[in-house]
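Engineer: Have a look at the structure that comes next, please.
None of the figures in this text is laboratory data; all of them are computed from the coordinates on show. Keep in mind that what you see is a predicted model, and the values were worked out from it rather than measured. Positions of Cβ are backbone-derived with ideal geometry, glycine not excepted, and every protein chain shown enters the neighbour counts.
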Amino acid sequence: MQGSFTGYIKRICIHPDWSGKGIGTKLMRFAEDRIFSVKPNVFLCVSSFNLKAKELYLKLGYEVIGEIKDYIVSGYSEIVLRKTKGPIHS
């Protein structure tokens, strides 16, 4: 929650046995509530091959704001997403 890129969710993981049961959505809502209590933006990255996660984030209201090519895995991108309640300074 400090620095110039505040409100960044670094990682969220769900065991495959629990996938599709709403746990990811609950974890995301928890993180969003915490971040939005002090900051107006939530950011995260998702690998371009992780279609299920990207679909969830878009469904939760995130917008694609950028792409980092060949960052983690050659031939794939990290998609940068943002959910916002407004600018840092109004």
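Engineer: Could you go through the stretch 7-16 and let me know if any residue there is surrounded by 15 or more Cβ atoms within 10 Å (Cβ to Cβ) and touching a Ser or Thr at 6+ places or on another chain (Cβ under 8 Å).
Structural biologist: The answer is no, given that none of the residues of the stretch 7-16 is surrounded by 15 or more Cβ atoms within 10 Å (Cβ to Cβ) and touching a Ser or Thr at 6+ places or on another chain (Cβ under 8 Å).
Engineer: If we keep just the residues of the stretch 1-49 that are part of a loop (DSSP other than H, G, I, E, B) and of a type in the set (S, T, N, Q), which is farthest from residue 83 (Cα to Cα)?
Structural biologist: In this case the residue turns out to be 19.
Engineer: Check off (1) in contact with a Gly (Cβ under 8 Å, 6 or more places away or on another chain); (2) among the charged types (D, E, K, R); (3) part of a loop (DSSP other than H, G, I, E, B) for residue 83 and give me the number that stays unchecked.
Structural biologist: (3) is the only condition that residue 83 fails.
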